[in-house]
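To keep things clear, I will list the structure first and then write my remarks on it.
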Amino acid sequence: LMRLYGPINQLSSMQATVMTALVSFDRVFEVLDLEPNIAERPGARDLADARPAAGSGEAPDITFEGVSFRYPSGDEAALASLGPAGGDRPGGADEAWTLQNLDFHAPAGKLTALVGPSGAGKTTITQLVPRLYDPDRGTVRIAGQDVRDLTLQSLRDTIGVVTQDAHLFHDTLRANLEYARPGASEQELIDACEAALIWDTVRALPDGLDTLVGDRGYRLSGGEKQRIALARLLLKAPSVVVLDEATAHLDSDSEAAIQRALKTALAGRTSLVIAHRLSTIREADRILVVEAGQIREQGTHKELLAADGLYAALYRTQFAQDEPLEEAAVLDPA
Ligand code: ATP
């Protein structure tokens with residue numbers, strides 16, 4: 001376990017520098033378009049058609065079955081650009097897999113949190129769901145359907161991705177929000193901002209929603225940008241959310257506001273969250289503890305603490321200081 005402490009310390013030192021922003025799926029898929037080995041199969045179906053209760057508004061579940069993955073080396077990336085990959089890649093025992101034989105189920109409409117040291121593979125896991133990469137072995141399913149059998153458009157419509165790459169386009173706030181739902185009405189924009197607890201800030205700006213933001217515009221604080229990202233998520237209203245939670249330390253007001261906004265944004269959605277905050281982990285219906293590309297433990301916060309394994313160790317080093325004193329004492333009787 002001592003091996004973990006270095007990465008955990010590194011993680012905390014990164015915390016001041018990173019912010020969350022919603023990456024537009026169009027942009028994500030622009031990148032995808034450059035990945036010739038991510039191709040839509042002939043006869044691919046729309047996810048809505050594939051869902052058992054189509055039209056019921058129910059969120060789909062996500063399943064990983066025996067998923068292994070490694071990032072293509074330079075040579076393979078070049079080869080891949082010549083045409084689609086043909087099936088499972090062979091892998092020798094000496095190969096370093098980024099993800100190794102992952103099995104897990106993220107239940108429909110529930111929050112599944114991924115925790116673990118830096119470099120464990122958490123981000124990579126979340127990237128396989130919207131098919132930024134495909135696994136080398138095994139299957140990723142949404143609503144029971146292999147994601148490779150679904151149209152990229154329907155995946156794009158179903159999944160909202162919030163990453164840590166802070167980005168507001170140099171444009172008005174309105175344009176930044178409408179990007180998530182083209183043709184949104186004024187009231188829809190306001191409702192999303194209210195639910196994301198950013199409306200009071202926006203309406204107080206000299207030009208309100210028409211304020212120019214981005215590098216050369218009005219500088220929003222980190223916490224404000226995160227809430228704009230959540231407003232975008234609410235406008236997009238995807239049934240699946242993949243979120244890399246912000247690690248930036250915010251003042252406690254923004255912190256509390258973001259937690260409340262996050263709760264609204266994730267309610268009823270199937271979410272896969274790389275969690276950096278104890279409050280999120282405690283809310284999680286399921287926690288996956290990832291280390292060295294493998295899922296070492298799964299369970300709820302309470303179950304995993306009781307198991308006194310890797311999660312309990314991570315918790316003590318990374319999160320226990322956030323815990324109210326009396327609870328920490330109960331959880332850690334030593
Ligand atoms: P962190 O908490 O620091 O974000 P993580 O658990 O999300 O870490 P990943 O980002 O998934 O971990 O990285 C898993 C491993 O894959 C690391 O060894 C990393 O260096 C490697 N890796 C990540 N992205 C790429 C890439 N595009 N090409 C090659 N290797 C990569």
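Some observations on this one:
- The set of residues from the range 290-334 being of a type in the set (Gly, Ala, Ser) and at pLDDT below 85 comprises Ala320, Ala328, Ala329, Ala334.
- Filter result (part of a loop (DSSP other than H, G, I, E, B) and without any contact (Cβ under 8 Å) to a residue 60 or more places away in the chain) within the range 195-236: Leu205, Pro206, Asp207, Thr211, Gly214, Asp215, Arg216, Gly217, Arg219, Leu220, Ser221
Every residue, every condition in (1) within 15 Å of the ligand (Cβ to nearest atom); (2) within 26 Å of Glu65 (Cα to Cα); (3) under 19 Å from the mean Cα position of the chain (by Cα); (4) in contact (Cβ under 8 Å) with a residue 40 or more places away in the chain, yes or no:
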{"residue": "Thr270", "(1), (2), (3), (4)": "no, yes, yes, yes"}
{"residue": "Asp285", "(1), (2), (3), (4)": "no, yes, yes, yes"}
{"residue": "Leu288", "(1), (2), (3), (4)": "yes, yes, yes, yes"}
{"residue": "Glu291", "(1), (2), (3), (4)": "yes, yes, yes, yes"}
{"residue": "Gln294", "(1), (2), (3), (4)": "yes, yes, yes, yes"}
{"residue": "Ala307", "(1), (2), (3), (4)": "no, yes, no, no"}
{"residue": "Leu310", "(1), (2), (3), (4)": "yes, yes, no, yes"}
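- Members of the range 143-166 that are within 25 Å of Ala261 (Cβ to Cβ) and either in a strand (DSSP E or B) or basic (Lys, Arg) (or both): Arg156, Ile159, Gly160, Val161, Val162, Thr163
- For the range 135-161, the tally of residues that are within 16 Å of the ligand (Cβ to nearest atom) and within 27 Å of Tyr179 (Cα to Cα) stands at 1.
- Beta carbons closer than 9 Å, at least 6 apart along the sequence or on distinct chains, pair a first residue in the range 123-143 that is in contact (Cβ under 8 Å) with a residue 24 or more places away in the chain with a second that is charged (D, E, K, R) and in a helix (DSSP H, G or I) for Pro130/Arg156; Arg131/Arg148; Asp134/Arg148; Thr139/Arg148; Val140/Arg148.
- Tally of residues being touching a helix residue (DSSP H, G or I) at 6+ places or on another chain (Cβ under 8 Å) and aromatic (Phe, Trp, Tyr) across the range 175-225: 2
- Residues of the range 150-175 that turn out to be farther than 21 Å from Val240 by Cβ and more than 20 Å from the chain's Cα centre (by Cα), as a count: 7
- Boolean, Ser254 is more than 26 Å from Gly121 (Cα to Cα) and of a type outside the set (A, V, I, L, M, F, W, C): yes
- Residues that are outside any helix (DSSP H, G or I) and either within 14 Å of the chain's Cα centre (by Cα) or at pLDDT 80 or above (or both) do occur in the range 247-265, at least one of them.
The values are calculated or read from the model by the stated rules, or taken from the named source; none is laboratory data. Owing to the predicted nature of the structure, the values given are computational and were not obtained by experimental measurement. All Cβ positions, even for glycine, are placed from backbone atoms using ideal geometry, and neighbour counts span all protein chains on display.
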